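Engineer: Here it is, the structure, as structure tokens.
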Amino acid sequence: MSGATRCGVVGVGTLGAAIAERLASQGLPVTAYDIDPARAEELSEHGVAAATSPRELAESSDVVLLLLPDTPEVLEALEGDDGLEAGLTEGSAVLLSSTVTPATPQSLAERLAPRGVELLDTPVSGGPVAARDGSLRIMVGGSEEGFERARPLLEAVGRPVHVGPVGHGEIAKLANNLMGSVIVLGIAEGLALAAKAGADLDKVREAIGGGSGSSWILEEWMPRTVLAGNIEAHFAVRLMAKDMRLVGEYAEELGVPHAAGELARQTFDRVRADGYGDRDFSVLVALRAAEAGAPLDGVNLDGAGER
């Protein structure tokens, strides 16, 4: 793939929009499509064109990135007269950046191969801030040749690592989200403990940095979300709950113990049911602090997100 690679981004929510903006900022021609046309049109100020259908987007793209919530939405975007599959041309590539079960990219790769279209699974970690500054972690499943062709584009938005064949990017992502969700539970309870004791949470976080309780989530994510009074979704609770459902199903399929992951799934299911589905997953920190009788300054827990 060259610097003139035409990119199509399907699904321009918080993360998809940030990726589209980043690609356009690197001088690549970018087209976007979203089920909500306004989202794609809003990207015009960043030099991103809007397509009226997935097929139109595919017809004008050398590589298509899918950033959709789950497998049903991916299949919906592919199918039908106006779907992606109808517009994909031989030699083009599809990068599945959604977090889904490994079986999804495996089956789609087999489906698209006879058309001369290669599919790689390329789930990402780091959120919209990392997307905009080009520091996403990208877990790639696919052939060595396909990875090398996609590498320049992927390096425009982050740091790709070729994990293995198709589906192995998703395996890495499910492991990542299992670890991350469990870490969040510890952070929420640890910070609630410190808040209840009257400690300065910024100082506590700084003191822990580099220690055994530290993590990227504590060091990077929390200061720009809940500890800054911001619980607007960078990565929504409803998506964390969905991902942990996928983790649980896959762990059960493989016969892998996942008691901590199951606790995380139950926790985020409960937070979503309590009305915070559209808030950032860091809201758990504020909820635990409030339950401890030490509400965080600047965090407004009033109102409800999607249930």
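The values are calculated or read from the model by the stated rules, or taken from the named source; none is laboratory data. From a predicted model like this one, the values you see are computed outputs, not experimental measurements. Counting neighbours? That spans all protein chains shown, and the Cβs are built from the backbone with ideal geometry, glycine included.
Engineer: Do we find that Ala51 is under 21 Å from the mean Cα position of the chain (by Cα), modelled with pLDDT of 95 or more and either acidic (Asp, Glu) or surrounded by 20 or more Cβ atoms within 10 Å (Cβ to Cβ) (or both) in this structure? If you could, list the steps in order and put the result at the bottom.
Structural biologist: Numbers: under 21 Å from the mean Cα position of the chain (by Cα): no; modelled with pLDDT of 95 or more: yes; either acidic (Asp, Glu) or surrounded by 20 or more Cβ atoms within 10 Å (Cβ to Cβ) (or both): yes.
Criteria not met by Ala51.
Engineer: Here's a follow-up. So Arg205 clears everything in (1) farther than 21 Å from Ala172 by Cβ; (2) part of a loop (DSSP other than H, G, I, E, B); (3) free of Cβ contacts under 8 Å to residues at least 24 places away in the same chain except one condition, right? Which one?
Structural biologist: Result: Arg205 fails condition (2) only.
Engineer: Follow-up. How many residues are touching a Gly at 6+ places or on another chain (Cβ under 9 Å), acidic (Asp, Glu) and over 30 Å from Ala251 (Cα atoms) when one looks only at region 56-114?
Structural biologist: Selection size over region 56-114: 4.
Engineer: What are the pairs, 6+ residues apart or on separate chains, where a residue within region 231-253 that is closer than 16 Å to Thr104 by Cβ has its Cβ under 8 Å from a residue that is of a type in the set (D, E, K, R) and part of a helix (DSSP H, G or I)?
Structural biologist: Short answer, once both residue conditions are applied: Arg245/Arg265; Val247/Arg265.
Engineer: Here is a follow-up. Has region 288-303 got at least one residue that is among the β-branched types (Val, Ile, Thr), outside the structural domain of Asp70 (by TED's automatic domain parsing), in a helix (DSSP H, G or I) and touching a residue at least 60 places away in the same chain (Cβ under 8 Å)? Please lay out each step first, then the result.
Structural biologist: The initial filter retains those residues of region 288-303 that are among the β-branched types (Val, Ile, Thr), namely 299.
Filter once more, so that each one left must be outside the structural domain of Asp70 (by TED's automatic domain parsing): 299.
Subsequent filtering for residues that are in a helix (DSSP H, G or I) retains none.
No, every residue in region 288-303 fails to be among the β-branched types (Val, Ile, Thr), outside the structural domain of Asp70 (by TED's automatic domain parsing), in a helix (DSSP H, G or I) and touching a residue at least 60 places away in the same chain (Cβ under 8 Å).
Engineer: Next question, about the same structure. Would you be able to say whether some residue in region 246-258 is in contact with a Lys or Arg (Cβ under 9 Å, 6 or more places away or on another chain) and either surrounded by 21 or more Cβ atoms within 10 Å (Cβ to Cβ) or at pLDDT below 95 (or both)?
Structural biologist: Yes, region 246-258 has at least one match.
Engineer: Can we say Thr89 is part of a loop (DSSP other than H, G, I, E, B), touching a residue at least 60 places away in the same chain (Cβ under 8 Å) and in the same structural domain as Arg151 (by TED's automatic domain parsing)? Show your work before the answer.
Structural biologist: Working: part of a loop (DSSP other than H, G, I, E, B): yes; touching a residue at least 60 places away in the same chain (Cβ under 8 Å): no; in the same structural domain as Arg151 (by TED's automatic domain parsing): yes.
Answer is no for this residue.
Engineer: Outside any helix (DSSP H, G or I) and on the phi > 0 side of the Ramachandran plot: is that true of Gly213 in this structure?
Structural biologist: Working: outside any helix (DSSP H, G or I): yes; on the phi > 0 side of the Ramachandran plot: no.
Answer is no for this residue.
Engineer: Among the residues in region 246-257, are any closer than 22 Å to Ala130 by Cβ and among the aromatic types (Phe, Trp, Tyr)? Walk me through how you get there before you give the answer.
Structural biologist: As a first pass, look at region 246-257 and keep what is closer than 22 Å to Ala130 by Cβ: 246-247.
Filter once more, keeping what is among the aromatic types (Phe, Trp, Tyr): none.
So far as region 246-257 goes, no, none of its residues is closer than 22 Å to Ala130 by Cβ and among the aromatic types (Phe, Trp, Tyr).
Engineer: Do you know which of the residues in region 127-152 that are outside any helix (DSSP H, G or I) and in contact with a Ser or Thr (Cβ under 6 Å, 6 or more places away or on another chain) is surrounded by the fewest Cβ atoms within 10 Å (Cβ to Cβ)?
Structural biologist: Restricting attention to region 127-152, the residues satisfying the condition of being outside any helix (DSSP H, G or I) are 134-143.
From what's left, in contact with a Ser or Thr (Cβ under 6 Å, 6 or more places away or on another chain): 137-138, 140.
Numbers: Arg137: 17, Ile138: 25, Val140: 24.
Ranking the candidates gives Arg137 first.
Engineer: Let me ask you something else. Only one of these is more than 17 Å from Thr99 (Cβ to Cβ) and either part of a helix (DSSP H, G or I) or not assigned by TED's automatic domain parsing to the domain that holds Lys242 (or both): Leu28, Leu65, Leu75. Name it.
Structural biologist: Of Leu28, Leu65, Leu75, the one residue that is more than 17 Å from Thr99 (Cβ to Cβ) and either part of a helix (DSSP H, G or I) or not assigned by TED's automatic domain parsing to the domain that holds Lys242 (or both) is Leu28.
Engineer: Regarding region 45-52, can at least one residue be identified that is in a helix (DSSP H, G or I), out of contact with any strand residue (DSSP E or B) (no Cβ under 8 Å at 6 or more places or on another chain), within 19 Å of Glu118 (Cβ to Cβ) and not β-branched (Val, Ile, Thr)?
Structural biologist: No: zero hits.
Engineer: Just checking, which of Thr104, Thr99 is in contact (Cβ under 8 Å) with a residue 60 or more places away in the chain and under 19 Å from Leu154 (Cα atoms)?
Structural biologist: Thr99
Engineer: Next question. Tell me, please, whether a residue that is at positive phi and not hydroxyl-bearing (Ser, Thr, Tyr) can be found in region 17-33. Full working, then the answer.
Structural biologist: Going through region 17-33, the residues at positive phi turn out to be 27.
Among the residues that remain, those that are also not hydroxyl-bearing (Ser, Thr, Tyr) are: 27.
Yes, because at least one residue in region 17-33 is at positive phi and not hydroxyl-bearing (Ser, Thr, Tyr).
Engineer: Just one of the numbered conditions (1) buried (at least 21 other Cβ atoms within 10 Å of the Cβ); (2) within 26 Å of Val12 (Cβ to Cβ); (3) at pLDDT 95 or above is not true of Ala233; which one?
Structural biologist: For Ala233, the failing item is (3).
Engineer: Where residues in region 15-42 are more than 23 Å from Glu232 (Cβ to Cβ) and surrounded by fewer than 17 Cβ atoms within 10 Å (Cβ to Cβ), which of them is farthest from the chain's Cα centre (by Cα)?
Structural biologist: Gly27
Engineer: Quick one: Glu189 ticks every box in (1) outside the structural domain of Ser61 (by TED's automatic domain parsing); (2) free of Cβ contacts under 8 Å to residues at least 60 places away in the same chain bar one, so which box is it?
Structural biologist: Glu189 satisfies all of (1) outside the structural domain of Ser61 (by TED's automatic domain parsing); (2) free of Cβ contacts under 8 Å to residues at least 60 places away in the same chain except (2).
Engineer: Here's something else I'd like to know. I'd like the full set of residues that are surrounded by 15 or more Cβ atoms within 10 Å (Cβ to Cβ) and hydrophobic (A, V, I, L, M, F, W, C), limited to region 180-198.
Structural biologist: Result: Val182, Ile183, Val184, Leu185, Ile187, Ala188, Leu191, Ala192, Leu193, Ala194, Ala195.
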